[in-house]
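Encoded as structure tokens, the structure appears first; notes follow it.
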Amino acid sequence: MAAVAVGWVADAGASEADSGMVTVQRPDFVPDPCLDREAMESLQREIAAEAIFADEFDFDPAAVASSARSDAEQTELGDPATADDPATGASELPIVAGIDQAFQSSDGEPAGPGEFDEAVSAVVAMRGGEVIERVHAGSDLQIPYIPGLLSFREGESILAALAELSVEPDVLLLDGSGRIHFREAGIATHVGVTVDLPAIGVAKSLLCGTPRPDLAGFDSLDDLPAGTIVQIEADDAMETDRGTVVGAAVQTRQFDSPNRSINPLYVSPGHRVGWETAAAIALATAEEYKLPEPIRLADRWVGELTAAE
DNA sequence: GCGACAG
DNA sequence: ATCTTGTCGC
């Protein structure tokens, strides 16, 4: 049997009464896996036209943390910004939500690659470096993985999980691309625009686009020291004007010795963030490990949820 | 026809 | 994404 019941699942933190802080703002953009390829692609162009690839939010991006802040650090940020509000009980530190998927077969058998029929999405919401809520939900997979159409495969599951949140994240971190996409409408853009929340795409490999040639005399992106950010610009594979900065390669970690090296993350704006802020937030939330902590925890948890018993 | 492709 | 042990190097 499947490790997780799919269709309606939630966990921890929330009672049903106060859920529903993340809602679909654009029902016409909800990913429909039954559309044909042409319809999917034209919907993506509509979504990209509505996406905002510049900072448009009210939280302080510098207040995003990967680990719990010390009192000293909190003081540096200014007390009013970090003190809990006695009336609402809410802190003003931004809430960052990481989202990741895992797959399973409903018959519970150890299916081979590409033979899964259910997706499970996990959302881990963090504030000030601490987990404040986590939820998950699943959906049946309708279509296979097709490069460029990922959101139509995994979007339903993601939106179902987000609907279970009892808090409203200030920004979403998704596994995959945002603006680094043939039509500037990767999964982070699709989800972000649909729920109208700031969203950032964090991919482990590059879908399209090309790193800006010009940097610091390193042989490869894989050799960049931790903290390095290299712009990614649109190439001929994209409908975007060639040379447009659509994201960044971000080295969050690097080995001490030059023997081995780590490949960077490819970070891109999904919605309501510019590439600079997207890169800064990815970097700020990935102090301990390569992946931003909210995504890493979502990845780990969803793996546990879908693990065979 | 060739190349190229998140999860 | 997923199936999987050991193995190389700090």
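Laboratory data are not the source of any read-out in this text; all were calculated from the coordinates shown. Since this is a predicted model, take the numbers as computed values, not measurements. Cβ atoms come from the backbone with ideal geometry, glycine included; neighbour counts cover every protein chain shown.
A few notes on this one:
- A:Q142-A:D107 pseudo-label distance in nm [points 7 Å out on the Cα-to-Cβ vector]: 2.4
- Placed amide H near A:E133: partners under 5 Å, 5+ positions off or other chain: A:A125
- DSSP bridge analysis restricted to segment A:159-287 gives an antiparallel fraction near 80%, rounded to the nearest 5.
- When the Cα gyration tensor is reduced to axis lengths a ≥ b ≥ c, the ratio a/c stays below 1.5 for chain A, which is therefore classed as rounded.
- Stretched out straight at 0.36 nm per residue, the stretch from A:F255 to A:A308 would grow longer than its current Cα-Cα span by 15.7 nm.
- Three-way shape label, segment A:212-309, alpha-carbon gyration tensor, a/c 1.5: oblate
- For A:E168 and A:D28, a Förster radius of 25 Å and the Cβ-Cβ distance give a FRET efficiency of 0.70, rounded to the nearest 0.05.
- In this rough spin-label picture, where each label sits 7 Å from Cα along the Cβ direction, the A:A237-A:I262 distance is 2.4 nm.
- Cα-projected label distance for A:Y289 with A:R212, points at 7 Å along beta-carbon direction, nm: 3.0
- DSSP assigns beta bridges within segment A:16-306; of those with both partners inside it, close to 80 percent run antiparallel.
- Residues in segment A:51-66 that a label on A:T244 would reach, taking backbone N under 13 Å of a point 7 Å out along Cα→Cβ: A:51-54
- Taken one residue at a time, the phi angles of segment A:245-260 give Karplus couplings (6.51, -1.76, 1.60, θ = phi - 60°) of 6, 10, x, 8, 7, 10, 8, 8, 9, 8, 5, 6, 9, x, 4, 9 Hz. Gly and Pro are set to x.
- For segment A:107-112, the Karplus equation 6.51 cos²θ - 1.76 cosθ + 1.60, evaluated at θ = phi - 60°, returns couplings of 7, x, 6, x, 4, x Hz by residue, with Gly and Pro reported as x.
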